[in-house]
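Quick notes on the structure that follows.
The values are calculated or read from the model by the stated rules, or taken from the named source; none is laboratory data. Computed from a predicted model, the values in this text were never measured in an experiment. Heads up, the Cβs are rebuilt from the backbone with ideal geometry, glycines too, and the neighbour counts pull from every protein chain shown.
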Amino acid sequence: MEDSAQLKDIHQAWISFVHEFSSIPGEPGLGLDDRGLSTTANMYSAMIAQGYFNSDILISTFERNPAVVQDKDYDYNAYDPANDVYWDPIFVADLETGSNVSYAHIPLVGDRMVRRWRVTGAASLAVFGNRGPADGVASADSYSCRKNGSWIGSLVFNDNHLETLSATAGLKIGGGPDNLFNFDPDLNSLDQVLAFTKEVKDNQAVLQHD
């Protein structure tokens, strides 16, 4: 229940962010749109810097990866829009070397940014959730799965409702199954993918799982 509440609060914070900034396009001080910076670390760090939530809400109560820990020393003074700085660059989201966040999300690049990352109220579109294993294959070797190798997770959808799933291909769009933790070529670029964006290359998200 605590994990689900945190996910709902994170998504609600993003809804507030969108409503606040979408009404003032081109406002001085917001900086240029650089999709190459649309990584998981920068996305969450920017929200903390502007006070939409604190760093503690980003750590799942079921976190098993020892590399994932709360950022207890977030530098709020790093936020300096006048000099085009919008987050603390020390905040990290790398599941191999160190991360200050637990939760996966839709990548903020390409068609998924243009068509999916919107406040549409779509009840079938998952936007945040617990991490899942690479390629959606549950395994005890993945920190995102239970020790017995099974996966279960909470997802928050675009209408802010929550669901708990126990299968990595539990959602259906376009009449077919959608693997939540892998790109599905048959669904073009509109499939639902939840992961970390470690970096962005050629406007493509480099996904990361653990």
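Points worth noting:
- Among residues of segment 66-87 being among the polar types (S, T, N, Q) and more than 17 Å from the chain's Cα centre (by Cα), the one that is nearest to D210 (Cα to Cα) is N77.
- The number of residues in segment 61-84 being crowded, with 16+ Cβ neighbours inside 10 Å and part of a strand (DSSP E or B) comes to 1.
- The test for being at pLDDT below 90, touching a strand residue (DSSP E or B) at 6+ places or on another chain (Cβ under 7 Å) and closer than 29 Å to L37 by Cβ does not hold for D159.
- Every residue from segment 66-80 that is under 11 Å from N100 (Cα atoms) and polar (S, T, N, Q): Q70
- Subset tally (residues that are within 17 Å of Q50 (Cα to Cα), touching a residue at least 24 places away in the same chain (Cβ under 8 Å) and more than 16 Å from the chain's Cα centre (by Cα)) for segment 88-102: 2
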